[in-house]
Amino acid sequence: MTAAADPAPEAPPHTAWPIPDPVSVCRVRVADDTEIAVRQHGNADAPLRLVLSHGNGLAIDLYYPFWSLLAAEFELFVFDLRNHGWNRLGLRQHHNIPTLVRDHDLVLEAIDRRYSAKPCVGVFHSLSTVIAMLSETQRYAGLVLFDPPLCKPPATEAEFDESVARTAAMSRRRQERFRTEKEFADFLTCVPGFRRVLPGVPQLMARTVLRQTGGDLPYELRCPREFEAQITEYLRSFAPLLDLEGRAFPMKVIGADPTLPSTYLPSYDLLQVMAVDYDFVVDGTHLFQLEKPMECVRMLRDFLDKIGLLQIGQSAPDANPESGAAS
C-alpha cells in the first residue's frame with residue numbers, strides 16, 4: 001500500500017457531531033415526481049470532487065464523523081438515496097434497485113451541469129456501493145467502495161440467500177416509532193452492531209434517521225422498515241450482475257475485518273478480490289466508518305495518492321474551506 005503524502009487529519013475533539021449547513025443544495029428531479037437533495041460541503045475551490053452516499057436504512061449525514069475529515073481538502077457532494085435522509089417519503093413500489101441506479105446517474109449529471117465538471121471520485125458504503133457498481137456511468141475518475149454487502153467467505157449461494165432472508169426479516173421486526181430521539185439513541189447502545197462506534201454516534205443517528213411526526217410516538221424512521229427489507233431482498237437478484245473488473249477507472253474496495261462476525265467480502269467469486277485493490281479495516285465491523293473514521297480517510301487518501309489524484313487535490317489554490325469540526 002502506498003503511504004499517503006500527508007497524515008490524515010485528526011478527528012474532531014467533540015462528541016456532539018454538529019453538522020454544518022451545506023455550502024449549497026441542489027434538488028435533483030428524478031423519476032416518479034421525486035427529488036433528491038444533493039448537498040455541497042467542503043472546499044468548493046478544490047480541483048478534486050468526492051461524491052458520497054450511504055447504506056440501507058441510514059443517511060449520509062450519519063457518516064459525518066468520516067466525511068468531515070475530508071472537508072478541508074476536497075469538494076464534497078453528499079446525497080441520500082430516495083426515501084432516506086433529507087428526501088421525502090415516496091411510494092414503496094418505486095423503491096427498488098433499478099430506480100436507485102437511475103437516481104444515482106441523474107444526480108451525477110446534475111452536479112456536473114450545475115457546478116461544472118471536474119475529476120470526481122465516488123465514495124460509497126454498503127447499499128450505495130451496489131448502486132455505483134450497477135451504474136454504467138463513466139463520470140468517475142475512481143471508486144472507493146466501503147464494505148459492499150455481498151458474500152461472506154466461504155459462503156455458498158444458499159448461505160447468502162439465508163443471510164438475505166434473515167436480514168430482511170430483522171428489518172421487518174424493527175421498531176419504527178419512538179417517544180424521543182433519546183429513546184432511540186439509548187436503544188442503539190444495546191445493539192451489537194453499534195458497540196464499537198465513536199461516542200455521540202447513536203445520538204447522531206437519532207437526529208439523521210428519524211423524522212418528527214405526531215401522536216404518542218412522534219418520532220419515526222425516515223426509511224420505513226418495509227422499504228429497507230424490500231431492498232435487502234432485491235440484493236439477491238442483482239448480486240450476480242456485479243462486476244469488479246472491466247471498469248475504465250480505478251476501484252478500491254475496503255472491507256470490514258473478515259475475522260469478525262457479520263463481515264462481508266466484495267463478491268460471490270472470491271477470485272475477483274485478486275482483480276481489485278482490496279484492503280480491510282482491522283477490528284472494524286460493517287460500520288467501520290463510524291468506528292475508525294481516521295483509518296478510513298487514510299486508506300482513501302492512500303488510494304487517491306496511488307492513482308495520482310491526491311496530487312491534483314494538493315495543487316489546489318488556498319481557499320476558505322468549510323470547517324469539518326465545531327469550534
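The values are calculated or read from the model by the stated rules, or taken from the named source; none is laboratory data. These numbers come from a predicted model, not from an experiment. Cβ: placed from backbone, ideal geometry, glycine included. Neighbour counts: every protein chain shown. Ligands, DNA and RNA are stripped out before the accessible areas are found, and what is left, the full protein with its side chains, is counted by its heavy atoms. Shrake-Rupley method; radii C 1.70, N 1.55, O 1.52, S 1.80 Å.
Simple spin-label estimate for Arg195 and Glu35 gives 4.3 nm between the two label positions (7 Å along the Cα-to-Cβ direction from each Cα). What is the local net charge at Val101, summed over the other residues whose Cβ is closer than 15 Å to its Cβ (Lys, Arg +1; Asp, Glu -1)? Net charge in that neighbourhood comes out at -3. Using heavy atoms of the protein chains and a probe of 1.4 Å, the accessible area assigned to Arg247 is about 60 Å².
Taking all protein chains together, Lys292, Lys306 sort by accessible area into Lys306, Lys292, largest first [probe 1.4 Å].
Among 204-214, 45-55, 279-289, sorting by the average number of other beta carbon atoms lying within 10 angstrom of each residue, highest first, gives 45-55, 279-289, 204-214.
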